[in-house]
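See structure below.
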Amino acid sequence: MALTAGFSSAATAQEAAFPTRPVQLLVPFPPGASTDLLARFLAPKLSAALGQPVVVENRGGAGGLIGAGVVAKAAPDGHTLLVASSTVMQSPLLQKNPSFDAVKDFVPVAAAFQHPFLMVSSATVPVHTIAELIQYAKANPGKLNAASLGGFSDVISMMFRHAAGLQLQIVPYRGGAEAMMGVVRGDAHIVFNPYSAMQPQIQSGQLRMMAVTSLQRSPILPDVPTMAEAGLKDFEIINVVGILAPSGTPQPVVQRLNREIAAIMTSSEGSQFVTARGNDTISDHSPDYYAKLLKAADEKYRRVIDEIGFVKQ
């Protein structure tokens with residue numbers, strides 16, 4: 001009993017002492033990504049809850065690997081956090097010698113929301129549906145290309161190319177905003193991005209919505225078909241966005257961060273932030289649930305990478 005009470009007191013003291021300085025939310029993509037939008041939504045609210053400044057820093061490059069690698073090597077004290085997407089956490093699977101292990105080098109703090117990707121085409125391409133796009137690509141082999149952010153974004157494009165049986169070139173860009181603008185200009189012809197990152201360009205007619213990567217239609221975009229409806233059976237890619245800390249971060253600190261972030265995301269303002277951008281809310285924000293999602297995705301994409309013939313770099 002005395003030993004248990006001692007552990008409890010130590011954990012309480014550790015949680016109460018955190019944070020002792022500003023907390024950094026590191027976003028491994030340039031401004032405008034769904035991870036960036038989440039970080040900037042959370043920062044002022046988390047700052048108020050923690051009693052310390054919460055600073056957002058963008059460290060883009062290599063499909064999120066650079067920024068994630070920084071956090072993986074940061075002090076495990078809760079003051080440096082990664083705002084991550086599933087695409088970032090699966091990117092090490094694409095490397096022969098990854099700089100970090102997505103499962104071993106991080107501890108999940110909280111899943112914030114999830115969303116399918118939306119495939120859009122440039123208005124310069126003479127198609128208006130996913131079926132027309134596939135037909136056009138097959139009739140013009142090698143003419144279309146897909147904009148990619150690098151890293152796991154390459155895998156998404158390759159999954160589509162493999163499932164549809166197309167000759168599709170992949171053009172690298174530094175971030176989602178640049179990739180989107182490449183498609184707007186017609187330098188690239190399709191891109192997979194979150195709806196939230198492309199709303200103005202879609203509404204202006206510069207981009208055309210082709211399909212979503214969920215198995216069911218999105219409640220936000222009920223008129224947009226799924227990839228499965230276009231004949232690409234079981235084609236599903238769901239991106240989970242959440243917060244992670246370096247492995248070894250004390251559990252009392254993880255629990256404190258989880259409690260504050262979950263309170264923000266389950267508030268009416270948090271729900272509005274998520275759904276207004278075409279994302280789906282998550283009912284369970286616990287670290288354990290997030291860990292299960294990450295493990296399931298890791299197992300799935302290890303298999304997918306072999307199936308599509310991705311060559312590790």
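The values are calculated or read from the model by the stated rules, or taken from the named source; none is laboratory data. Since the model is a prediction, treat every value here as computed from it, not as a measurement. Cβ atoms come from the backbone with ideal geometry, glycine included; neighbour counts cover every protein chain shown.
Observations
- Of the set (1) assigned by TED's automatic domain parsing to the domain that holds Asp101; (2) of a type in the set (Gly, Ala, Ser); (3) more than 21 Å from Ala102 (Cβ to Cβ); (4) in a loop (DSSP other than H, G, I, E, B), all apply to Ala262 but (4).
- Of all residues in the range 289-313 being free of Cβ contacts under 8 Å to residues at least 24 places away in the same chain and of a type in the set (Asp, Glu), the one that is farthest from Lys104 (Cα to Cα): Asp306
- Residues that are surrounded by fewer than 18 Cβ atoms within 10 Å (Cβ to Cβ) and among the hydroxyl-bearing types (Ser, Thr, Tyr) were ranked within the range 1-46; the one that is modelled with the highest pLDDT is Thr20.
Each row is one residue, and each column tells you yes or no for (1) among the aliphatic types (A, V, I, L, M); (2) on the phi > 0 side of the Ramachandran plot; (3) modelled with pLDDT under 95.
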site: Val109; (1), (2), (3): yes, no, no
site: Gly151; (1), (2), (3): no, yes, yes
site: Ala188; (1), (2), (3): yes, no, no
site: Val191; (1), (2), (3): yes, no, no
site: Pro194; (1), (2), (3): no, no, yes
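- Qualifying positions in the range 199-218 - at negative phi, part of a loop (DSSP other than H, G, I, E, B) and modelled with pLDDT of 90 or more: Ser204, Gln206, Thr213, Ser214, Leu215, Gln216, Arg217
- Top-ranked residue of the range 153-186 - restricted to ones that are outside any helix (DSSP H, G or I) and closer than 20 Å to Ile66 by Cα, ranked as modelled with the highest pLDDT: Val171
- Flag if Gly248 is in a strand (DSSP E or B) and at pLDDT 95 or above: no
- Under the condition of being touching a Lys or Arg at 6+ places or on another chain (Cβ under 9 Å) and modelled with pLDDT under 95, the residues counted in the range 111-122 number 1.
- Residue within the range 134-142 that is under 24 Å from Asn239 (Cα atoms) and not charged (D, E, K, R) present: yes
- When residues of the range 265-291 are limited to those that are part of a helix (DSSP H, G or I) and surrounded by fewer than 14 Cβ atoms within 10 Å (Cβ to Cβ), the one farthest from the chain's Cα centre (by Cα): Ser268
- Options Gln206, Gln251; residue that is touching a residue at least 24 places away in the same chain (Cβ under 8 Å), under 24 Å from Leu26 (Cβ atoms) and of a type outside the set (Gly, Ala, Ser): Gln251
- Per-region count, the range 81-113, residues under 13 Å from the mean Cα position of the chain (by Cα) and either outside the structural domain of Leu50 (by TED's automatic domain parsing) or within 17 Å of Leu257 (Cβ to Cβ) (or both): 6
- Residue that is farthest from Ala188 (Cα to Cα), among those in the range 131-145 that are surrounded by 17 or more Cβ atoms within 10 Å (Cβ to Cβ) and hydrophobic (A, V, I, L, M, F, W, C): Ile134
- Val55 vs. criteria touching a strand residue (DSSP E or B) at 6+ places or on another chain (Cβ under 6 Å), surrounded by fewer than 17 Cβ atoms within 10 Å (Cβ to Cβ) and either charged (D, E, K, R) or at pLDDT 95 or above (or both): yes
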